[in-house]
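First up is the structure itself, then whatever we jot down about it.
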Amino acid sequence: MTESTYTITGETGDWEVVVGLEVHAQVTSNAKLFSGAATAFGAEPNTQVSLVDAAMPGMLPVPNRECIRQAVRTGMAIDAQINKWSRFDRKNYFYADLPQGYQISQLYHPIVGEGSLDISLDEKNPEGSVKTIGIERIHVEQDAGKLMHDQHPTRSYVDLNRSGVALMEIVSKPDMRSPQEAGAYLAKLRSILRYVGSCDGNMDQGSMRADVNVSVRKPGAEFGTRTETKNVNSVRFVMAVVEQEAKRQIEVLESGGRIVQETRLYDPDRNQTRSMRSKEDAQDYRYFPDPDLLPLELDDAFLEECRASLPELPDAKRKRYEAGGITPYQAAVLTAEVEAARWFDALLEAGAKPVAAANWTTSELFGALNRTGKSIEESPVSPAQAAELLALVADGTLSGTLAKQVFEIMLETGQGAGAIVEERGLKQTSDTGAIEAVIADVLAKNADKVAQYKGGKEALFGFFVGQTMKAMGGKANPQVVNELLRTALA
């Protein structure tokens, strides 16, 4: 395990930051946790609400099997303990968007116990900066509704579409020691959830958000009092919360104050946290077993079904790529997002060689997508078309320069590489006679530079190569050009 050395220096010396995250991830399911109401994002307010969600008298909750399955699969993906016996509890508090007056959650007996995931802080050397972050638990609970304050100048409205939506609360241990570690942890967790398919990870839509617990201490001292900044909805904002909240706490402590255990909110416009309310402890919520729900009991057949459904996960996929000769950095880039990894796997399945495919994908394809503002799912070039292009480079039909030209045409037209080469006559030539004639002409027109080259200015060789390639419209085989030029200049 690699330890972070991140500290903040205040007036009284260095301070260490201690961070834990509670990530709320909306479970991928067409129905809510305890009702059959829909969960689609963006529906008109209060159009996806069942009698159960609205807490009408006599309505009883019934667990959604798919939500339980997704939670178990997520636990398996982080090598966590899966509890065959778990129980739902009522978390009692009053708020306008909580029709029941309580939330159904799992405090004492969660469905998933301890697990862990590895993070890396160095993109260029992912395996040389690994730290393991402990995960304390994953429990399943229902989401609350949403208060809408901007619909009327003096009134607030309640949208219950989210009420009862299934959430996984993934609670880390306080193992992170810097904004970078917190950001890396959240990004890695999001990646795993998206690979597994248990959460879409759309933080901008609220389907994944983090409560950020931060405290500070002198290095080696006991943990300090923590604050919890609620509902942070991006990796960048989580990192900002850790940095700003740690600085605020240090200022308070060094001025003789004390940190209050409280819930805070993050204001991204001002890049600061502000107090929301005092932080409650478990006893304040008067937890007790939900009398309307039997405990969950999972059998071996169900667990085996869950395990068998897991895909190849990011770390395993990265190691497979590296075993094929792909650099650790490229493998990390290719596996960070599940869509990119699926696209790249399809490219390999179409016959592309791993190293050439990785070089081309991480440079040419990703560069073009960034330039055009497209996601890899919107790529005008399919994996099969890319494989055809790379095959033409591998067999000598196209030089690197010509391949770039063909790729640009593919992006614009959607045509295949072979068709473009035939239609536009873009084949690379290795005709030594034609190349020798062009070289002779280039050297004759640049006799002064030939003399400088022979006088010891060897850097001019690249100039001659460039002039020859330009004269041949980029169609000459670069290797042949180099060989013939060296002979001509000898």
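Below is a table of values for the structure above.
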read-out	value
Extreme residue, farthest from F302 (Cα to Cα), among residues of segment 33-81 that are in contact with a Lys or Arg (Cβ under 9 Å, 6 or more places away or on another chain) and of a type in the set (A, V, I, L, M, F, W, C)	V52
Residues of segment 241-258 classified as of a type in the set (V, I, T) and either over 12 Å from E228 (Cα atoms) or not assigned by TED's automatic domain parsing to the domain that holds E181 (or both), total	2
Of the criteria (1) touching a strand residue (DSSP E or B) at 6+ places or on another chain (Cβ under 8 Å); (2) under 28 Å from L186 (Cβ atoms), which one S399 fails	(2)
Search result, residues across segment 244-272 that are crowded, with 19+ Cβ neighbours inside 10 Å and either closer than 17 Å to E22 by Cα or among the aliphatic types (A, V, I, L, M) (or both)	E245, A246, I250, L253, R264, Y266
Some residue of segment 381-395 being under 29 Å from F464 (Cα atoms), within 35 Å of the chain's Cα centre (by Cα) and modelled with pLDDT under 90	no
Conditions (1) in contact with a helix residue (DSSP H, G or I) (Cβ under 8 Å, 6 or more places away or on another chain); (2) at pLDDT below 90; (3) assigned by TED's automatic domain parsing to the domain that holds A358: number failed by A403	(2)
Filter pass, Y102 being buried (at least 17 other Cβ atoms within 10 Å of the Cβ) and of a type in the set (F, W, Y)	yes
Residue within segment 293-301 that is over 24 Å from A240 (Cα atoms), at pLDDT below 95, more than 30 Å from the chain's Cα centre (by Cα) and aliphatic (A, V, I, L, M) present	no
Residue identified as surrounded by 15 or more Cβ atoms within 10 Å (Cβ to Cβ), part of a loop (DSSP other than H, G, I, E, B) and charged (D, E, K, R) among D79, D97	D97
Selected residue [in the same structural domain as K91 (by TED's automatic domain parsing), assigned to a helix (DSSP H, G or I) and either surrounded by fewer than 19 Cβ atoms within 10 Å (Cβ to Cβ) or in contact with a Cys (Cβ under 7 Å, 6 or more places away or on another chain) (or both)] from D284, D292, D345	D284
Residue selected from segment 219-244 under the condition out of contact with any helix residue (DSSP H, G or I) (no Cβ under 7 Å at 6 or more places or on another chain) and among the charged types (D, E, K, R), by the criterion nearest to E169 (Cα to Cα)	K230
Matching residues, segment 357-370, being surrounded by 16 or more Cβ atoms within 10 Å (Cβ to Cβ), of a type in the set (G, A, S) and without any contact (Cβ under 8 Å) to a residue 40 or more places away in the chain	A357, A358
Residue match in segment 50-70 (condition: among the aliphatic types (A, V, I, L, M), within 26 Å of the chain's Cα centre (by Cα) and either crowded, with 19+ Cβ neighbours inside 10 Å or not in a loop (DSSP other than H, G, I, E, B) (or both))	yes
Looking only at segment 188-228, and only at residues there that are over 18 Å from L117 (Cβ atoms) and among the hydroxyl-bearing types (S, T, Y), the one that is farthest from the chain's Cα centre (by Cα)	T225
Residue match in segment 316-328 (condition: of a type in the set (K, R), surrounded by 14 or more Cβ atoms within 10 Å (Cβ to Cβ) and in contact (Cβ under 8 Å) with a residue 60 or more places away in the chain)	yes
Exclusive hit being over 30 Å from A54 (Cβ atoms) and either modelled with pLDDT of 95 or more or in the same structural domain as V140 (by TED's automatic domain parsing) (or both), set M176, M208	M176
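Rundown of residues vs (1) basic (K, R); (2) touching a helix residue (DSSP H, G or I) at 6+ places or on another chain (Cβ under 8 Å), yes/no style:
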{"residue": "Y102", "(1), (2)": "no, no"}
{"residue": "D122", "(1), (2)": "no, yes"}
{"residue": "R137", "(1), (2)": "yes, no"}
{"residue": "D143", "(1), (2)": "no, no"}
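The values are calculated or read from the model by the stated rules, or taken from the named source; none is laboratory data. What you see is a predicted model; the values in this text were computed from it and never measured. Neighbour counts are summed over all protein chains in view; Cβ atoms, including those assigned to glycine, are modelled from backbone coordinates with ideal geometry.
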